[in-house]
Amino acid sequence: QVQLVESGGGLVQPGGSLRLSCSASGTILSIHDMGWYRQAPGKQRELVASITRGGIRNHTDSVKGRFTISRDNAKNTIYLQMNSLKPEDTAVYYCNADAATNWARAYYWGQGTQVTVSS
């Protein structure tokens, strides 16, 4: 099994910044793509950003230029640096990992962390 532990969420004013972290642990053989998703009340969960094992990044249009995903393979950890935050960024943010163990390869999810942008 693989566990994802997130941290860094909180309350911030519009224009402020937050940095989310997600660390993977467990019986991990390898981790491939990892990413951040978010879900606001009444809306579907959407992909925010993803990063491959080799460091290739992809960001959803609504966050390009403001958010940056990064990865530390040695620590099995990804980060999401969020700058110039807007009220519409308010959501629960979830970490996702495409990981393999000795038994199977599957997608794993973190518990979610609340990000609230409000004055």
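So which residues in the stretch 38-66 are of a type in the set (D, E, K, R), within 20 Å of SER17 (Cβ to Cβ) and within 13 Å of the chain's Cα centre (by Cα)?
Once the filter is applied, which keeps residues that are of a type in the set (D, E, K, R), within 20 Å of SER17 (Cβ to Cβ) and within 13 Å of the chain's Cα centre (by Cα), the stretch 38-66 yields ARG38, ARG57.
So, GLY42, is that one on the phi > 0 side of the Ramachandran plot, open to solvent by 50 Å² or more (accessible area, probe 1.4 Å) and at pLDDT below 95 or not? Break it down into steps so the answer makes sense when it comes.
Values: on the phi > 0 side of the Ramachandran plot: yes; open to solvent by 50 Å² or more (accessible area, probe 1.4 Å): yes; at pLDDT below 95: yes.
So GLY42 passes the test.
Only one of (1) under 14 Å from THR90 (Cβ atoms); (2) open to solvent by 60 Å² or more (accessible area, probe 1.4 Å) is not met by GLY54, so which one is it?
(1)
Across the stretch 70-110, what is the number of residues that are of a type in the set (A, V, I, L, M, F, W, C), closer than 23 Å to LEU29 by Cβ and part of a strand (DSSP E or B)?
Residues of the stretch 70-110 of a type in the set (A, V, I, L, M, F, W, C): 74, 78, 80, 82, 85, 91-92, 95, 97, 99-100, 103-104, 106, 109.
When the remaining residues are screened for being closer than 23 Å to LEU29 by Cβ, the result is 74, 78, 95, 97, 99-100, 103-104, 106, 109.
Still in the list and also part of a strand (DSSP E or B): 78, 95, 97, 99-100, 106, 109.
Total meeting the criteria: 7.
Can you confirm whether ARG19 is touching a His at 6+ places or on another chain (Cβ under 9 Å) and either assigned to a strand (DSSP E or B) or open to solvent by 60 Å² or more (accessible area, probe 1.4 Å) (or both)?
On the way: touching a His at 6+ places or on another chain (Cβ under 9 Å): no; either assigned to a strand (DSSP E or B) or open to solvent by 60 Å² or more (accessible area, probe 1.4 Å) (or both): yes.
Judged against the criteria, ARG19 is not a match.
Report yes if some residue within the stretch 86-103 is open to solvent by 40 Å² or more (accessible area, probe 1.4 Å) and of a type in the set (Gly, Ala, Ser); otherwise report no.
Taking every residue of the stretch 86-103 in turn, none turns out to be open to solvent by 40 Å² or more (accessible area, probe 1.4 Å) and of a type in the set (Gly, Ala, Ser).
The values are calculated or read from the model by the stated rules, or taken from the named source; none is laboratory data. These figures come from a predicted structure and were not determined experimentally. A quick note on method: Cβ atoms are made from the backbone with ideal geometry, for glycine too, and the neighbour counts reach across all protein chains shown. Ligands, DNA and RNA are stripped out before the accessible areas are found, and what is left, the full protein with its side chains, is counted by its heavy atoms. Shrake-Rupley method; radii C 1.70, N 1.55, O 1.52, S 1.80 Å.
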